[in-house]
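The values are calculated or read from the model by the stated rules, or taken from the named source; none is laboratory data. Values in this document were obtained by computation on a predicted structure and should not be read as measured data. No Cβ is skipped: glycine too gets one built from the backbone with ideal geometry, and neighbour counts run over all protein chains shown.
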Amino acid sequence: MQKQITRFIKIPLVLSVVALISFGSGCNNTGSKKSSGKDEKTLPELQTPDFNADSAYQYVQKQVEFGPRVPNTPEHEACANWLEAKMKSMGAEVIVQEGKVTAFDNSVLNIKNIIAQFQPEKNDRILLFAHWDTRPFADYDPDPDKRNQPIDGANDGGSGVGVLMEMARHLKDNPTHTGIDIIFFDAEDYGTPQHRNLPYKEDTWCLGSQYWGKNPHKKNYYARYGILLDMVGAKEARFFQERHSLDMAPDLVDQIWNTAAKIGYGKFFIFREGGYITDDHLYVNKHTGIPTVDIIEFDPASNTSFGKYWHTHDDNMDVIDKNTLKAVGQTVMEVLYNSPF
Ligand code: AHN
Ligand code: ZN
């Protein structure tokens, strides 16, 4: 009898000592999960794979080599086929969602949202996304004669997809605790051009994510959280905390920015509020309720809020810097593999 009693006393004592030690040493850098859940401590700790910036760079370059990825063009079609094949080759279960949407000029765009599912059998999911289309105009190009020509979109379009592809390359051999969906949204950048005298309409942007929001690939689709990557490859890029993201997912913003600082990318992730930016994350959140964060370059000194190359013909491979791709890619991977959410 005596033996039984001491055992009952011992267990809580041991537990509280362990709890005190892990609290005192700062539980955020141990990679361990929240201690509240019952079966969480049975989950193995995950090792974050090394994000290869050369590989990400090549994925960006390859997209650019197709030419501008503007809906209803053969270049767009060819790039979509490549994206689909690549994601399949990395072990994803891929759905290509085809749809028709109406643009600012009432033209009908044939769009493709490319949805790559990892561990599709899991209910608990994280959603990562970027837009893969490129802008049909260069509204902000200094040369007015070139404003009607489509841009390369190396950073605006190419970089987010390139970073997500490099992350995807690791997911089969290094499975995360949750399932992961990577969506490449189409027709984000077909919003009303600024250089023609047209009435401005906010919801002419993000046509692919609006379409998906109304027609999710799975009924009642949900994920714990979403992360959007937009313009994540330019040299010297700075990521401020986008305001819609702070409104819908303040804890995740904290987690991402703190993780960046912890692993040495604090130079890129600035602990200051940026602007309210209309982007795919707004429509994902509006239609599904998933809290989402937009990691997007922001320049408070620029009158567009973005880099000088933005929506000009300077958005080509020359603006892409592997250090920026690495900072964003490794930070997001670290969050995925060590997320307390
Ligand atoms: C607007 O300019 C309304 N939103 C910025 C979203 C965007 C455009 N991202 C890339 N291109
Ligand atoms: Zn754009």
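Considering only residues that are among the polar types (S, T, N, Q) and touching a His at 6+ places or on another chain (Cβ under 8 Å), look in the range 289-338 and name the one that is surrounded by the fewest Cβ atoms within 10 Å (Cβ to Cβ). Only one residue fits best here, namely Thr304. Only one of the numbered conditions (1) of a type in the set (Lys, Arg); (2) within 18 Å of the chain's Cα centre (by Cα); (3) within 15 Å of ligand 1 (Cβ to nearest atom) is not met by Lys326, and that is (3).
For the list (1) in a helix (DSSP H, G or I); (2) away from ligand 2 (no atom under 15 Å from the Cβ), I need the number of the one condition that Gly158 fails. Result: Gly158 passes all but (2). The residues of the range 178-223 that are within 14 Å of the chain's Cα centre (by Cα) and over 20 Å from Thr134 (Cβ atoms), listed by number, are Ile180, Asp181, Ala223. The C-beta contact set for the range 91-106 (first residue more than 17 Å from Arg169 (Cα to Cα), second residue acidic (Asp, Glu), distance under 8 angstrom, 6+ apart or interchain) comprises Val96/Glu84. Summed over the range 183-212, the residues that are over 22 Å from Val161 (Cβ atoms), in contact (Cβ under 8 Å) with a residue 40 or more places away in the chain and away from ligand 2 (no atom under 15 Å from the Cβ) give a count of 2. Of the residues screened, Phe298 is not one that is farther than 14 Å from Tyr225 by Cβ, in contact with a strand residue (DSSP E or B) (Cβ under 8 Å, 6 or more places away or on another chain) and more than 16 Å from ligand 1 (Cβ to nearest atom).
Among the criteria (1) away from ligand 1 (no atom under 16 Å from the Cβ); (2) part of a loop (DSSP other than H, G, I, E, B); (3) modelled with pLDDT of 95 or more, the one Asp139 does not fulfil is (1).
Here Glu242 fits the description: modelled with pLDDT of 95 or more, touching a helix residue (DSSP H, G or I) at 6+ places or on another chain (Cβ under 9 Å), more than 22 Å from Tyr59 (Cβ to Cβ) and within 15 Å of ligand 1 (Cβ to nearest atom). Across the range 108-136, the number of residues qualifying as within 12 Å of ligand 1 (Cβ to nearest atom) and either among the charged types (D, E, K, R) or assigned to a strand (DSSP E or B) (or both) comes to 4.
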